[in-house]
Structures are given as structure tokens and as C-alpha cells.
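Okay, so here's the structure we're looking at.
What follows is calculated from the coordinates using simple rules that are stated; it is not laboratory data. None of the values given here were measured: they were computed from a predicted structure. We place every Cβ from the backbone using ideal geometry, glycine too, and count neighbours over all the protein chains shown.
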Amino acid sequence: MTDPSDEVRPLLRVRQVREFTDQPVDAKALDAIAIVMAVEPGSGISHAYDEGRAAERILIAASLIGLGAGIAWVRSEMRPAVGEVLGLPEDRFARTVVAIGHPSEAAKKPKSAPGEARLPREESVLHERWPAG
């Protein structure tokens, strides 16, 4: 049987990239993505959830094809201007934008020493109940 940690290692290595080179992205990949949602009053929580799922999957996909991606939110007061630039109809808005590109050398460097970026598994995974203490 394959070790599960080997199978998910690519997911564990996915990181937010905020610095890119000037090298163009292959035409088959996109260089910027806006996640567009319908304006539906009372749907803020489900929209944020769905946007987060889509953005994280884009970030993972970019990593798997050798690119980097950075997720950003558009401030509410800027959304009309972004909608205008994107040509969105009145019943749509873009709050989440994902930039995709080739990570710079600085972006490729680890931000933390090996083993210090995430909590150890025994501190972040609980089995059945919160530990007494």
C-alpha cells in the first residue's frame, strides 16, 4: 500500500505566491482569474465558501503545472470598478481574484525553516475528542 503522505505531498507543498517573474504564462494557462458570483442577498456565507473552494483549487492546479498563484480579495468599495473593467452585468460581482504566473526566485524560497511552517500533526489532528488538560 502506498504511504498516504506520499500521495498528498503535492498538496502539502502548495503555497501562496505573491511575487512573479516577467516570463509570460503559456497560452494554455491563464495569467489572471476573477471568480465571479451572482448578486444574491443573504448568500454572503455560501458565496465566501464557494469562492474559497474555487480559489484554493486554482492555487493547487497552478502548483501542479509548475506555476504559482496568489489569492486576493477585492475591497467592497472597489468591486463596482472591477466589475466595470471585467464587463460584468449588474447581477454579478467579483470579490476574489487569483493571479497566476511563474514564481520569482524569492517567492520559491521557504519562508520558515524546515519543520517550522506548520504545526506538527499531533498538535493539529485530533482523534474523536479534544484532549483533556
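The table for this structure:
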quantity	calculated
Proximal charge balance of Y49 [Cβ under 14 Å; K/R count +1, D/E count -1]	-1
Quotient of Cα Rg and 2.2 N^0.38 Å for the chain, N being how many residues it contains	1.30
When the convex hull of its Cα atoms is projected in every direction, mean area for the range 44-118 (nm²)	7.0
For peptides 53-62, 81-90, sequence by mean Cβ density within 10 Å, most packed first	53-62, 81-90
Taking the range 4-124 and dividing mean pair separation by its residue count, relative contact order in percent (alpha carbons under 8 Å, at least six apart)	38
Sorted by Cβ density within 10 Å, fewest first, the residues R95, R75	R75, R95
